[in-house]
Amino acid sequence: MIKTIDGLAIAERVKDVTAQEVFSHQEERPSLAIILVGERPDSRLYVSLKQREGKRVGIDTHLYALEADVPEKELIEVIKFLNNDPHIDGILVQLPLPDNYDTDKVIAAIDPEKDVDGFHPDHPDYLLSPVLASVGACLKHIGFKTAGKTACVLYNSEVFGLSVKKFLEEMGLAVSLKNHPELADLLVTALGEPHKIKKGMIKEGAVIIDIGITTSGDKVLGDIDWDDIKDKAAWATPVPGGIGPMTVAFLFKNTLEIFKRKQQR
């Protein structure tokens, strides 16, 4: 029978440490700029969650909402403006962007020392992507041993897929992209296709990290068909209550880290 990886509990522990440090700085607070392009329901959901949790840990958030058809040049100009704003510690571009944008080009425009998502090719080592940090936290929480194990990553964003592949390989896993998920000891899915993952797509005893999120009315759905795989998988992250809260927690941890390093200069 499947066991649940409690992302909420992991996230609360990370946020508690962040909040304690933030509130120890009496004169200033860290500040995060969030850029949202378009009206994807899942992206709006994530942004609203980040704004709410920012208040809880004492980090100021500033939303820059742009229309889906704003020229890419204007989006990059907004990023450059925020790069040069000394009051902004971190910058986050909510992904995925609409198809008419070059995501790699947009991410590359962010000052790597303000890239809280850790996707910039030159980001400092101390800024690990919140998604990757969350995956690592899940595997640590369940005591997952990587030696001799295989992983498969399913995704709809090349930036995301390649970064997860590299991260898992550095942990010692043999990783495939989109190929043979049914053979993988670890499946990381970020398709945004509700209930796409059925028991026929997974290995007996697999660990599943579900990063996909889709809104349907007032419901939030993941890629996993939980009822279908519950007797075959060993561990899985639920949606909601899994990876989402953890990525937000690690996002603010990164924002605080940037803030502290700026204070030390």
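The values are calculated or read from the model by the stated rules, or taken from the named source; none is laboratory data. The structure displayed is predicted, hence computed values, not measured ones. Glycine gets a Cβ as well: all are built from the backbone with ideal geometry, and neighbour counts include every protein chain shown.
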Tell me yes or no: at least one residue of region 150-168 is surrounded by fewer than 19 Cβ atoms within 10 Å (Cβ to Cβ), modelled with pLDDT of 95 or more and among the small types (Gly, Ala, Ser). no
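Residues are listed down the side, and each one gets a yes or a no for (1) within 30 Å of Ser48 (Cα to Cα); (2) hydroxyl-bearing (Ser, Thr, Tyr):
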residue: Asn179; (1), (2): no, no
residue: Leu183; (1), (2): no, no
residue: Thr189; (1), (2): yes, yes
residue: Lys199; (1), (2): no, no
residue: Gly205; (1), (2): no, no
residue: Ile209; (1), (2): yes, no
residue: Gly212; (1), (2): yes, no
residue: Thr215; (1), (2): yes, yes
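Table: residues versus (1) surrounded by 16 or more Cβ atoms within 10 Å (Cβ to Cβ); (2) modelled with pLDDT under 95; (3) in a helix (DSSP H, G or I); (4) not assigned by TED's automatic domain parsing to the domain that holds Asp42.
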{"site": "Tyr64", "(1), (2), (3), (4)": "yes, no, no, no"}
{"site": "Leu75", "(1), (2), (3), (4)": "yes, no, yes, no"}
{"site": "Ile79", "(1), (2), (3), (4)": "yes, no, yes, no"}
{"site": "Ile88", "(1), (2), (3), (4)": "yes, no, no, no"}
{"site": "Asp99", "(1), (2), (3), (4)": "no, yes, no, no"}
{"site": "Ile107", "(1), (2), (3), (4)": "yes, yes, yes, no"}
Identify all residues within region 13-59 that are buried (at least 16 other Cβ atoms within 10 Å of the Cβ) and either small (Gly, Ala, Ser) or over 18 Å from Pro130 (Cβ atoms) (or both); write none if there are none. Ala19, Arg29, Ser31, Ala33, Val37, Gly38, Arg40, Ser43, Gly54, Gly58
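Per-residue answers, yes or no, for (1) at pLDDT below 95; (2) outside any loop (DSSP other than H, G, I, E, B); (3) within 18 Å of Thr146 (Cα to Cα):
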{"position": "Asn179", "(1), (2), (3)": "yes, no, no"}
{"position": "Glu182", "(1), (2), (3)": "no, yes, yes"}
{"position": "Gly200", "(1), (2), (3)": "no, yes, no"}
{"position": "Gly212", "(1), (2), (3)": "yes, no, no"}
{"position": "Thr215", "(1), (2), (3)": "yes, yes, no"}
{"position": "Val220", "(1), (2), (3)": "yes, yes, no"}
{"position": "Asp231", "(1), (2), (3)": "no, no, no"}
{"position": "Pro238", "(1), (2), (3)": "no, no, no"}
{"position": "Phe250", "(1), (2), (3)": "no, yes, no"}
